[in-house]
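The values are calculated or read from the model by the stated rules, or taken from the named source; none is laboratory data. Computed from a predicted structure; not experimentally measured. Every residue, glycine among them, receives a Cβ derived from its backbone with ideal geometry; neighbour counts consider all protein chains shown.
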Amino acid sequence: MRGRIATIAAAAVTLARIGSVAATPPKPKDASGDPAARLIVKVKLDAEDASWTQKLEPSWQHNIITVEAMYSHAHPKAHRPDKGRVANAYLMWIIENYNNLPETLVFIPPRDTLEKHHFGFHNPLLNLKIPFIQESGFANLRCPTQKSQTTCNDKVLKPMQPPYELRTLEEKVPKSWHNLFGNDKEVPQQIATVLGNAFAVSKAQVRKRSVEEYLKYWTWLNNTIMDDDSSGLLMEYLWPTVFGKEAISCPEKAQCECDLYGRCDDI
């Protein structure tokens, strides 16, 4: 029995060491040349076709980042990336390219093959109102709707009053909030935004935070004891806060469609 316990203990130590090995922190590259005016950072799965980004040239340049699908072995139908890997890819790109940012930057996540109604980005990006992005600094590329899972009102975190079914995420928000934004920034009563990990941000807005701050976010993401999917989902809620918006960032649907894409018939 003692030998078995010793073996288990040794294995536990080994696993702990493996788990504690941190990824190498990204570093900003030196400034070089003239950055693109508009750039798409597209995160994709191995088998995902991202050739649509090429059809947006020359208006939009693009960087493609490939990530592995998670859970595909345990759940064959769940061919999607876990959200932590998406947030990690976004933060790494920002840190590494902090000195070479385009004027307008768009982040697009991998396609979720389980999504019932696929949101294509080709046409929306052709119609994206760049002056609005420059003026507002940040905008989700999906507008709220009352008939979809992206409705802000259906996706509200209440860190100070976590419901039982969401306790695993919401009860960890206060500590995570302070780790990310500092103890002097009060935890909001509610956090809400259009989920989807697809957004546009201006160079000026990105640079309102230092590269050290983005590195702090990346370090938290890579060291938190939260599972990858939960920590990535939390970042999905927090992108508006990272880029200067209020904790509740839910624009009215018709106004959002008009501001972002010039579809103003309902206003």
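Some notes on this structure:
- Among the residues examined, ALA204 does not qualify as in contact with a helix residue (DSSP H, G or I) (Cβ under 9 Å, 6 or more places away or on another chain) and in a strand (DSSP E or B).
- Given (1) at pLDDT 95 or above; (2) under 18 Å from PHE132 (Cα atoms); (3) in a loop (DSSP other than H, G, I, E, B), number of the condition ARG209 does not satisfy: (2)
- Among residues of segment 243-267, those that are assigned to a loop (DSSP other than H, G, I, E, B), at pLDDT 90 or above and either within 21 Å of the chain's Cα centre (by Cα) or within 23 Å of ALA204 (Cβ to Cβ) (or both), counted: 6
- Among the residues making up segment 166-184, those that are outside any helix (DSSP H, G or I) and either at pLDDT 90 or above or under 16 Å from the mean Cα position of the chain (by Cα) (or both) are GLY182, ASN183, ASP184.
- Any hit, segment 222-233, residues being free of Cβ contacts under 8 Å to residues at least 24 places away in the same chain and not in a loop (DSSP other than H, G, I, E, B): no
- Cross-chain or 6+ apart pairs with Cβ under 8 Å, segment 87-106 first and touching a residue at least 40 places away in the same chain (Cβ under 8 Å), then in a strand (DSSP E or B) and of a type in the set (S, T, N, Q): TRP93/ASN63; PRO102/GLN61; GLU103/SER202; THR104/SER202; LEU105/SER202
- Scan segment 190-200 for residues that are surrounded by 23 or more Cβ atoms within 10 Å (Cβ to Cβ) and not in a loop (DSSP other than H, G, I, E, B) and the total you get is 4.
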